[in-house]
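S.K.: Supplied in structure tokens, the structure appears directly below.
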Amino acid sequence: MSQESVINEIRESLNGRPGQPIVFGVCNALAERFGKEPWVFRLAAIVLALFWSLPALAAYIIAGLVMKETELRTRTFFSGLAIVIRENVERGAAWLRECCTTDERGDYHRG
């Protein structure tokens with residue numbers, strides 16, 4: 001496989017569907033701002049995430065919240081995530097209450 005065909009394959013994989021952000025749309029928004037192709041920024045984000053996972057993730061989330069083009073999508077994602085987490089915590093708490101109930105003698109039993 002030639003170098004050019006490898007680069008083309010990476011480009012096609014990282015470009016995603018036209019107009020559809022892969023996560024928050026940060027790389028696409030940066031590409032539009034700087035007049036480059038989105039795959040360049042996506043590849044850079046992946047490489048940064050491989051070596052500096054937490055700082056790269058934090059920078060990506062902050063960019064998603066700060067950039068006007070991606071703010072709504074990022075905030076919507078985290079609102080939905082908060083709802084899912086809350087529902088799962090409530091389910092887990094209900095399961096623990098059911099699991100750890102005591103009878104009249106003070107013995108634990110499964111409800």
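The values are calculated or read from the model by the stated rules, or taken from the named source; none is laboratory data. Owing to the predicted nature of the structure, the values given are computational and were not obtained by experimental measurement. Methodologically, a virtual Cβ is constructed for each residue, glycine included, from the backbone with ideal geometry; neighbour enumeration extends over all protein chains shown.
S.K.: What tally of residues in the stretch 66-111 results from selecting those that are touching a Phe, Trp or Tyr at 6+ places or on another chain (Cβ under 9 Å), of a type outside the set (S, T, N, Q) and at pLDDT below 80?
M.R.: 1
S.K.: Checking the structure you have, find out if any residue of the stretch 50-57 is in contact with an Asp or Glu (Cβ under 7 Å, 6 or more places away or on another chain), modelled with pLDDT under 95 and surrounded by 13 or more Cβ atoms within 10 Å (Cβ to Cβ). Spell out how you get there, then give the answer.
M.R.: Here is the first cut: in the stretch 50-57, the residues in contact with an Asp or Glu (Cβ under 7 Å, 6 or more places away or on another chain) are none.
Scanning the stretch 50-57 turns up no residue that is in contact with an Asp or Glu (Cβ under 7 Å, 6 or more places away or on another chain), modelled with pLDDT under 95 and surrounded by 13 or more Cβ atoms within 10 Å (Cβ to Cβ).
S.K.: Would you be able to tell me the number of residues in the stretch 58-76 that are surrounded by 16 or more Cβ atoms within 10 Å (Cβ to Cβ), aliphatic (A, V, I, L, M) and either assigned to a helix (DSSP H, G or I) or at positive phi (or both)?
M.R.: Qualifying residue count, the stretch 58-76: 2.
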